[in-house]
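To start, the structure itself, in structure tokens.
The values are calculated or read from the model by the stated rules, or taken from the named source; none is laboratory data. None of these values were measured; they are calculated from a predicted model. Cβ atoms come from the backbone with ideal geometry, glycine included; neighbour counts cover every protein chain shown. The accessibility values were calculated without ligands, DNA or RNA, using every heavy atom of the protein model including side chains. Shrake-Rupley method; radii C 1.70, N 1.55, O 1.52, S 1.80 Å.
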Number of protein chains: 2
Amino acid sequence: MLAAADALFATSDVPGDVTMDAIAAAAGVGKGTLFRAFGSRDGLLDTLWAAKITALREGVESGAPPFVAETPPLERLVAFLDEILTFKLENRHLIRARETRSGLLQSAHYKWMHGQTQALIEDAMGRSTASEALYTAHALLAALHIDLIEEMLASGLSLPAIRKEQGARVRTVIDGVRR
Amino acid sequence: MLAAADALFATSDVPGDVTMDAIAAAAGVGKGTLFRAFGSRDGLLDTLWAAKITALREGVESGAPPFVAETPPLERLVAFLDEILTFKLENRHLIRARETRSGLLQSAHYKWMHGQTQALIEDAMGRSTASEALYTAHALLAALHIDLIEEMLASGLSLPAIRKEQGARVRTVIDGVRR
DNA sequence: CGAGGAATTGGACCCATGGTCCGCAATTCT
DNA sequence: AGAATTGCGGACCATGGGTCCAATTCCTCG
């Protein structure tokens, strides 16, 4: 079922086109089975998200290349957000389907991303109030909203330009706060 | 009709509860009339948004108190984003109803906010590439998403704290880029 | 191996909601 | 006054997430 859903999201341009019926049909399964397995559309989306992000997540948590203690926290933060950006673009239709629904900020994925980001920020800027890191993490992640990224791409900004701006902004914010 | 819709949004907690039928009923008008007048739900939402933001918009465009040439651009930028934040919170249900639909970034309101922000940024930091200001404007506005603000409020961050963080972030970003 | 029961399935069905459409009434024109 | 035109209202439609139960599959035990 996840494979079928993934395939559908990968091909369809409009996430709304991928209905639960379509997924069930593509998976050769009844709609009831789909809902029993995932509870709701959001549940399916979250599960699929989890499946796709596993590699990234494990890499980050088990200290793959850039995420080792030797790397300065700021660089780890930049690398982390860059990987999130790449991940979102690679799965843009899925992400779009999930992000254009309310409750995203309460989802486990957002909380994970936010937790990671906040921790890296706290590392990167020496001392800082909790609310400072909390706010900054939210603010940095907000700029990664898929709609926003796609809007920028559509408006002529190239992907390298976006990545460059994003990296620059992260450094600026951290440096500025650290002073 | 706008008054009726406004009243409904002001009272209801969940924006989804305010259906087009409910608005029509509250306005003492047929649903057909509603759709003939506004075209679609988004159309109504945008019109209502326009009506509510008029004061702010006129203040900004006609140089009310903080938006005069004498005020440093950076201060104008901070004030502008702060007013947007206040406006969104004052009309949180309406804004929520509109912001949790796709196409927001293509709406006239977002374009106006983005245009204003970008112009102020370009003023505030001496020289800067166009993409720098464009990106930064998007990034700053992204942190004003109503869902995000409400999530922060729910997580214990106070409104004054948010405003303080936001102001600090704006200054940091501009100062950092200006160097 | 077969019968009985438990678990699981699939898709018909339900319902809410945005959006459409047409008969009718109010209004205007002659 | 009668005819023509405009515009209203609410019945109606389409769609999509979610539910439910008859039917089928799968265990379990004699």
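Length, then width, then depth: along the principal axes, the Cα atoms of the protein assembly as shown run 57, 54, 39 Å.
Distances between copies of A:PRO65, taken at a point 7 Å out from Cα along the Cα→Cβ vector and listed shortest first: 5.4 nm. Net charge of the neighbourhood of A:GLN118, taken over other residues with C-beta under 14 Å away and scored Lys/Arg +1, Asp/Glu -1, is -3. The modelled label-to-label distance for the pair B:ASP42/A:ALA50, using points 7 Å beyond Cα in the direction of Cβ, is 3.3 nm.
Only helices at least 15 Å long along their axis, Cα-based, and averaging -0.5 or more on Kyte-Doolittle count here, so list those DSSP H runs from chain B. Answer set is B:41-61, B:73-90, B:130-142, B:159-178.
Sorted shortest first, the separations between the A:LEU153 label point and its copies elsewhere in the assembly read 3.4 nm; each point sits 7 Å from Cα along the Cα-to-Cβ line. If a paramagnetic tag sat 7 Å from the Cα of A:ARG101 along the Cα-Cβ line, which residues of region A:25-39 would have the backbone N under 12 Å from that point? Counting only backbone N, you get A:35, A:38-39. Close Lys pairs in the protein assembly as shown (alpha-carbon distance under 21 Å; sequence gap of 8 or more, or different chains): 8.
Placing a label point 7 Å from the Cα of B:GLU90 along the Cα-to-Cβ direction, the residues of region B:26-52 whose backbone N falls under 18 Å of that point are B:46-52.
Take the solvent-accessible surface of the protein heavy atoms, probe 1.4 Å, and return the percent of it on chain A that carbon and sulfur atoms account for. Roughly 54 percent, rounded to a whole number. With contacts taken as Cα pairs under 8 Å at a separation of at least 6 residues, chain A carries a relative contact order of 22 percent.
So what is the relative contact order for region B:27-99, in percent, with contacts set as C-alpha pairs under 8 Å and at least six apart?
35
Within 10 Å of each Cβ in A:140-149, how many Cβ atoms from other chains are there, averaged over the peptide? Provide the component values of the computation, followed by the final result.
Details: counts 4, 3, 10, 8, 2, 5, 0, 6, 8, 1.
Partner Cβ neighbours, averaged per residue: 5.
I'd like the interface area for chains A and B: accessible area of each alone minus the complex, both sides summed, 1.4 Å probe, protein heavy atoms only. What is it in Å² to the nearest 100? In total, chains A and B hide about 2700 Å² from solvent.
Relative protection proxy for B:156-167, A:10-21, B:138-149, from highest mean packing down: B:138-149, B:156-167, A:10-21 (other beta-carbon atoms within 10 angstrom).
Averaged over the residues of B:160-168, the number of partner chain Cβ atoms lying within 10 Å of the residue Cβ comes to 3.
Sketch the reach of a paramagnetic label on A:ALA26 as a point 7 Å from Cα along Cα-to-Cβ, and name the residues of region A:49-64 whose backbone nitrogen lies under 17 Å away. Output list for this probe position: A:49-53. Taking Lys and Arg as +1 and Asp and Glu as -1, the other residues whose beta-carbon sits under 12 Å from that of B:LEU140 total +2.
Quick one: pull the percentage of alpha-carbon pairs in region B:66-154 with a separation above 16 Å. The calculated P(r) of region B:66-154 puts 56 percent of pairs beyond 16 Å. In the assembly of identical copies, A:GLY103 has its label point, taken 7 Å from Cα in the direction of the beta carbon, separated from the corresponding points by 2.4 nm (ascending, one decimal).
The residues of region B:90-112 occluded by other protein chains by 20 Å² or more of accessible area, set against the chain on its own, are B:THR100, B:SER102, B:LEU105, B:GLN106; surface from heavy atoms, 1.4 Å probe. A Cβ-based charge dipole, computed about the Cα centre of chain B with Lys and Arg at +1 and Asp and Glu at -1, lands at about 220 debye. Looking at region B:70-178, the accessible area is 38 square angstrom per residue; that uses a 1.4 Å probe and ignores ligands, DNA and RNA.
Put the Cα centre of region B:1-52 next to the Cα centre of region A:111-177 and the gap is 36 Å. Hey, how much of the P(r) for chain B falls beyond 27 Å, as a percent of Cα pairs? Taking all Cα-Cα pairs of chain B, the fraction more than 27 Å apart is 33 percent.
Extending 7 Å from the Cα toward the beta-carbon at both B:ASP13 and A:GLU58 defines two label points whose distance is 4.2 nm.
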